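Following: one structure in structure tokens, then a few remarks.
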Amino acid sequence: PKYLQVDLTQECKELIHTLPKVKGWIGNHLHQYEGFWYPTRSLQGLLTCQKHFQALDADILLVTIPKSGTTWLKALAFALLNRKRYEDMHIHDHPLLTTNPHDLVPFLELNIYVEKDRIPDLNLLSSPRLFATHLPYVSLPKSVKESNCKIVYLCRDPKDTFVSMWHFANKLRPESIGANSLEECFDTFCRGMNPYGPYWDHILGYWKESLERPEKIMFLKFEDMKIEPTIVLKKLAEFVGCSFSKEEEYKGIVDGILNLCSFDNLSNLQVNKTGKLRFGVENKVYFRRGEVGDSKNLLTVEMNEMINTIVEKKLGEHGLRF
Ligand code: A3P
């Protein structure tokens, strides 16, 4: 499939030779670079992005690890920032009704900087530019850290993220190689060898930074968004500098955005049932259940406890729990 193909630069080929490598979840390999594990395609994108991406102060960058709610966050942020242009959320020309959020908010390392010979001109985009990435804090392009651009980090209970990733990887794996075994994936996840893992280190990098620079990094949890979506969306609006006015609240714009971006609404749209992303993945694989605690349906009590123990050890002392 197209999403597994990569045309590597000489620099990336040479680097890969020197990096630890393990079997990937979807097809090819994971390479360990700057402390995290990357699919080959992401590593190529990471190198180009580190070299070429110039963040602007007005930029907004959405950061997640795969399967922690990226699609939802992209939809919400897009609807939030473009709300003036599409005032009436029910009219049929809202882009989210006909386009999957991933085609509206591109990933730096997976979409924008993935073709080795093509460095796109991002100056043509209207402000504020909205991008996404799965990169851990240490590996963000320098200009992202040094500019005043805003970072919104969303994480999710690692147990649910793992289960979501396991299902997702199995759907994306070429039929010829069959499904991943749950036990094998679980073991690699616990050892941090999942795409962009170790997950706890990914979370911790952004958590620490968000405590140091709360005006730069907003730290969100999927679970909080499920419980109090209105509060989170309003805080998000404030953080990115476009708070809702009293009049907008009165007109029901906040609820309009939440309904537009809800799992039920997005997952039932024709485009997300039958469409495909520009780079070939079927839109429907991004919508499964969208619930909190679904890992209970798949993990044994022992597996559950194992992740809880790791999370407590790695994140508990920093005040982070799921
Ligand atoms: P599950 O597999 O647990 O259902 P990502 O967007 O980072 O790839 O994460 C995908 C996960 O988010 C999947 O979780 C998916 O169902 C869920 N999801 C997708 N859209 C959502 C939405 N609008 N609201 C809540 N959850 C959503």
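Take every DSSP beta bridge whose two residues both sit in the chain; close to 35 percent of them are antiparallel. The local environment of LYS226, defined by Cβ-Cβ distances under 12 Å, has a net charge of -4 under the rule Lys, Arg +1 and Asp, Glu -1. Among the GluC sites (Glu not before Pro) found in segment 189-244, those both in a DSSP coil and sparsely packed, with 10 or fewer other Cβ atoms within 10 Å of their Cβ, are GLU215.
Net charge in the neighbourhood of SER262 (other residues with Cβ under 12 Å of its Cβ; Lys, Arg +1, Asp, Glu -1) is -1. Ellipsoid fit via the Cα gyration tensor, segment 89-132: semi-axes of 25, 13, 8 Å, each the root of five times an eigenvalue, largest first. Checking the a/c ratio against 1.5 first, then a/b against b/c, what shape does the Cα gyration tensor give for segment 260-306? It comes out prolate by the Cα gyration axes. Extension gain, ASN259-THR230: 0.36 nm per intervening residue step, less the Cα-Cα distance, totals 9.4 nm. Segment 117-133 and segment 213-278 have their alpha-carbon centroids 22 Å apart. The residue list GLN5, MET218, ILE307 was ranked by how far each Cα lies along the charge dipole of the chain toward its positive end, using unit charges on Cβ atoms, and GLN5 comes out on top.
Across segment 223-235, rounded Karplus estimates of 3J(HN,Hα) from the backbone phi angles (6.51 cos²θ - 1.76 cosθ + 1.60, θ = phi - 60°) give 4, 5, 5, 5, 6, 10, x, 5, 4, 5, 5, 5, 5 Hz, Gly and Pro being marked x. On full extension, the segment bounded by GLU291 and ARG213 gains 25.0 nm, given 0.36 nm per residue less the C-alpha separation. Take the alpha carbon gyration tensor of segment 169-294, find the square roots of its eigenvalues, order them as a ≥ b ≥ c, and report rounded if a/c is under 1.5; if not, report prolate when a/b exceeds b/c, else oblate. Taking the square roots of the gyration eigenvalues as a ≥ b ≥ c, segment 169-294 is oblate. Look at the Cα gyration tensor of the chain: its axes a ≥ b ≥ c give a/c under 1.5, and that counts as rounded.
For ALA132, the amide hydrogen comes within under 5 Å of the amide hydrogens of LEU62, PHE107, LEU108, counting only partners 5 or more places away or on other chains and with H modelled in the peptide plane.
Each value in this text was obtained by applying a stated rule to the coordinates, not by laboratory testing. Predicted model, so just to flag it, every value in this text is computed and none were measured. Virtual Cβ from ideal backbone geometry, glycine too; neighbours counted across all protein chains shown.
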